[in-house]
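To start, the structure itself, in structure tokens.
The values are calculated or read from the model by the stated rules, or taken from the named source; none is laboratory data. Nothing here was measured: the structure is a model prediction, and the numbers come from that model. Ideal geometry is used to build each Cβ from the backbone, glycine not excepted, and the neighbour counts take in all protein chains shown. Ligands, DNA and RNA are stripped out before the accessible areas are found, and what is left, the full protein with its side chains, is counted by its heavy atoms. Shrake-Rupley method; radii C 1.70, N 1.55, O 1.52, S 1.80 Å.
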Amino acid sequence: MFFKKKPFHSDTWGLRLWKFLAWALGLTLLAPVLVILLSLFSSLSPDSTEAWQQISSFLLKDAIKETIILVIGSCVVASLLGIPAAWFIENFDFPGKRLLSIALVLPLAIPPFIAAIISSDLREKLIPFLIKIRREEGVESFLWWEEHLRYGCLILLFGSLLYPYVFLAGRSAFAGSGIIMGEAGRMLGRSPWRVFSSIQLPLARPALAAGIFLVAMEVINDYGAVKHFGFNTLTVTLFTTWFGMDQIETAKKLASWILISVFFLVALEHWHRGRALRSLHPEGAKSFGSPSSIITRIACYLSCLVPISLGLILPLFGLIDWLLKSSSIYDQIDWEEIITASRHTLILALSSTVICLATALIIIGAARFSTNPILRVISKFSTVAGYACPGTVIALGVMGFAVALGNQFPSESWIGRLLVPSGFIWLLFAIVTRYFSIGSQMVQQGLARQNKSLDQSSFSLGKTPTKTFFRINLPLLKPSILGGATLVFVDVCKELPLCLLLRPFDFETLSTLTYSKVDQGAIYACAIPSLFLISVSMLGLIIVELNGWRKLSKTK
Amino acid sequence: MVGVSFPKRNKMMTSPNSLAVENLSVSYPDSKEPALQKVTLNVAASSILSIVGASGSGKSTLLRALCGLESPASGTIKLGGQVLCSSAKFVRPDRRKIGLVSQSGDLFPHLNVFQNLGYGLTNWRRADRKTRCKELLEAIGLPNFEKRFPHELSGGEKQRIALARALAPRPPLLLLDEPFSNLDSNLRQSLRRLTADILRKEKTTTIFVTHHPEDALSTGDSIAVMDSGTIIQCDTPRNLWRNPVSPVAASLFDQINQLPSSNFPNWLRANELELVEESHGGFTSGIIHEIEFFGKTQMVYVKIQNNLTPVIVEVASEEKYQIGSPISIKRKRLKAIQSKRLSTEHKQGICF
């Protein structure tokens, strides 16, 4: 073979620059994860070794147990709420379906820690029951009930707020070949229920696994809600090690083990998904029509209204009640503080959204026009790594990276001052690392839907890959970019652990402000920032949903 | 129509817009067998070459290599004397100026018809661009379609626009990759005639890949038959029909019967046989196993003892036969069908 086996367009300088940028950005995004993984091989100082021993013998066992119980419980509740709703929405036409479908996604706009605070009043109603248990059955029984009720409440809370991940995954799976296969099943004499259990559910399983995986990651990542309920999950233990015990080396070691466990979960999810997800085609989706029996009709509404009541109506009622109760202290509210926090949230969310999407376009676009397997692997890893890592782990990785980089420059130089580990730039970097995957997955899916023969047609008409990307791929990606940008924006607005760990001095966002108010015991004072936060997030989600509906109706 | 000749292999054609491919080989990393093996092919300027072959025979790989989307392992491609690909040179696809029309047309969905047609006319003056687009729209019978978007067009209209878009920059070579496969037979027929007409008017050298024998026979000035990554025969449609080099080549155009090796020729077309009463003789006999009715004709499947595959005989639709009745098969014409295989040397490197 005397021909160089190179990609055919490697000789355009624009593409070379583009690929170089993709390499650089991809590796930078992976850097925090690599820093944490490297700490697995570094030896600890005697002080840190002692702390590690303490943690592993006293804290770690309980932390693992609590994390596993919460993750499994939340995933089960989220599946029970999300899967039936997705199946009924996609399979039947009934009045109010569109509105319910939008409302079913909105619980994503409520940060779990705010819901946890709102639920305090509801949980107080359980106190008389617990007192009765203590009086009648003794302390041990009381402690058992208290612990299990706490687990139950938090699992229900997580499940009802995070089920939209399963709902969205299920909806896309049932709308794809699930419906077509379902029709084939019904023509072969199966009832809708048998069609669901024997054809549609197994077909949708890979997509559902991806949705359930996102729920698990959110639960592992959560700090505010679990802390409020008094649990010591792995994330809380990491916080305690870092700030409570001031043992950053030990925290890194712990983070590396968390990371390995999470990667194991990611590998499991990918193995489970296999090639199945790629074979789903959303084209030609149509429902079974109006529900024929009254029982099916009731089931349609129940499957939607139960999750909406738990995940949306209940927290919103709580918030309104909260606002009414806090009306007496309106004159004491520091409005300037709230406005500053809103401005900070907006700056942070907007800048990270722009950076996330631009980076996603650079990396994924370069991977499309490249046959280099390493660039493809980097693009794949950088789209998964960030979201698969709990925020605390990323914060630790970013700190490690910042220190390593900062040591290369004298602290008085401008670059040294810019790289101060507690600067805004590192918070932004951490947030981009964590949420890059959401934006990039939308871009990746959008680009994958564009047939490669479109690019080839453009090449045959004399356009280079760079020109093709800007004139053909990018305009067609607009809906995906809008969707990705909104989701990143909403998630950054809600982000708590990363902001708590890495924010510069006196830099409050709406979520950190809410959290610090609760921490100070001023629960009613955080009603207004919470309302701001939830409103912004809901608006974003409604835009994405309406956009999705418009696209769907266009294809129909 | 260009004549058939078998010139010396190393003499490459250099007339404007003629295509010369020599010893082109393409391999995929995940496949043991090369997708193309030393393919040699010459296409005269302004002529249409049809390429036929079974799925996986290498037709699409050949097109992809010609337009630069695949890097060949070896070989040379010359277009109008300019080297596009050799051991020392590789011209990028966007610089080859080779037009391509795919099965789905691939119109850019966010651009209207006018913008799609003008996409490849980057350095043209605005007025010239407009004139060229109008001229092509009229040629394909879709005037006043400038403002329409691809989702507002039917399948046939999309393919016509795709053809016009590829022709707009006046490419020296046009590659058609099964462009009518997704259309119904009536539309395919009319579009095929229209396409051949436009291509001849535009004097565009064209390679037309198809798996429909009637498309290949009616459109091409010459036909190349591909099998397992090589060109096994290249000839004019009439010659190829009369003298297919092998049963594989013959089976791409018609129903054929493989006969026991003792017979000569060892294969015959279904319409070259006739059914006779057992008492009237015939070279073999058997029992009618199945009858397929096609309107003008019908296919009778005759099961012969010790022969697993039935012999297929095409008969007029008026004739009546009974499934299960014994019957004899006779050759229709006395003149033996030429099945002399061309020598290995002539399998490749055939020029027009």
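Data for the structure
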| item | result |
| --- | --- |
| Farthest toward positive dipole pole in the protein assembly as shown [+1 Lys/Arg, -1 Asp/Glu at C-beta], among A:L447, B:W241, A:I36 | B:W241 |
| Computed magnitude of the charge dipole of segment B:199-325 (debye, nearest 20; Cβ of K, R +1, Cβ of D, E -1) | 380 |
| All-pairs alpha carbon distance profile, segment A:333-418, 5 Å steps from 0, percent | 3, 11, 11, 13, 18, 19, 14, 7, 3, 1, 1, 0 |
| Pairwise centroid distance, computed over Cα atoms, of segment B:80-123 with segment A:82-108, Å | 45 |
| Bridge type composition, chain B - antiparallel percent by DSSP, nearest 5 | 70 |
| Radius 12 Å from Cβ of A:V215, net charge of other residues (Lys, Arg +1; Asp, Glu -1) | -3 |
| Accessible surface buried upon B-A contact (total; probe 1.4 Å; Å², nearest 100) | 2600 |
| Within 10 Å of each Cβ in B:106-117, the average number of Cβ atoms from other chains | 3 |
| Part-to-part distance (alpha-carbon centres) for segment B:292-330 and segment B:15-61, which is given in Å | 38 |
| Total charge dipole magnitude, the protein assembly as shown, about the Cα centre, Cβ charges on Lys, Arg, Asp, Glu only, Debye to nearest 20 | 3880 |
| Per-residue average of Cβ from other chains inside 10 Å of B:92-101 | 6 |
| Measure of compaction for segment A:415-494 (Cα Rg per 2.2 N^0.38 Å) | 1.48 |
| Residue-by-residue Karplus 3J(HN,Hα) for segment B:54-63, coefficients 6.51, -1.76, 1.60, Hz, glycine and proline x | 5, 4, x, 7, x, 4, 5, 4, 4, 5 |
| Zero-based 10 Å bins, Cα pair distances in chain B, whole percents | 5, 22, 27, 22, 15, 7, 2, 0 |
| Solvent-accessible area lost in complex, 50 Å² minimum, residues of segment B:48-79 relative to chain alone, 1.4 Å | B:L69, B:S71, B:A73 |
| Dipole of the protein assembly as shown, positive direction: furthest Cα of A:G96, B:V26, A:M245, with charges on the beta-carbon | B:V26 |
| Packing-based ranking, highest mean first, of B:95-102, A:427-434 given that Cβ atoms within 10 Å are counted | A:427-434, B:95-102 |
| Computed magnitude of the charge dipole of chain B (debye, nearest 20; Cβ of K, R +1, Cβ of D, E -1) | 1600 |
| Percent carbon-and-sulfur accessible area, chain B, ignoring ligands, DNA and RNA, probe 1.4 Å | 49 |
| Per-residue ³J(HN,Hα) for segment A:100-117, Karplus 6.51 cos²θ - 1.76 cosθ + 1.60, θ = phi - 60°, Hz, x for Gly and Pro | 5, 5, 6, 4, 5, 8, 5, x, 4, 6, 9, x, x, 5, 5, 4, 4, 5 |
| For A:I378, net neighbour charge (Lys/Arg +1, Asp/Glu -1) across residues whose Cβ lies under 14 Å away | +4 |
| At least 30 Å along the helix axis (C-alpha) and Kyte average at least 0.5, DSSP helices within chain A | A:13-38, A:60-91, A:139-173, A:248-273, A:335-368, A:424-449, A:527-555 |
| Highest to lowest packing among B:165-174, A:123-132, B:232-241, A:247-256, scored as the average C-beta count within 10 Å | A:247-256, B:165-174, B:232-241, A:123-132 |
| Spread of Cα-to-Cα distances over 10 Å intervals beginning at zero, given as percent, for segment A:451-556 | 13, 27, 22, 18, 13, 5, 1 |
| At least 50 Å² accessible surface lost relative to isolated chain, residues of segment A:424-467 (1.4 Å probe) | A:L454, A:Q456, A:S457, A:S460, A:L461, A:K463 |
| The protein assembly as shown - accessible surface per residue (Å², probe 1.4 Å) | 47 |
| Protection proxy ranking, peptides B:74-85, A:218-229, B:287-298, B:146-157, average beta carbon neighbours within 10 Å, highest first | A:218-229, B:74-85, B:146-157, B:287-298 |
| Per-residue ³J(HN,Hα) for segment B:164-169, Karplus 6.51 cos²θ - 1.76 cosθ + 1.60, θ = phi - 60°, Hz, x for Gly and Pro | 5, 4, 5, 7, 3, x |
| Counted charge near A:L38, where neighbours are those whose Cβ lies closer than 14 Å (Asp, Glu -1; Lys, Arg +1) | +1 |
| DSSP beta bridges in the protein assembly as shown [antiparallel fraction, %, rounded to 5] | 70 |
| Alpha-carbon gyration tensor eigenvalues x 5, square-rooted, for chain A, Å | 37, 34, 23 |
| Accessible area of A:D455 in the full protein assembly, 1.4 Å probe (Å², nearest 10) | 10 |
| Probe 1.4 Å - accessible area at A:D334, Å² to nearest ten | 80 |
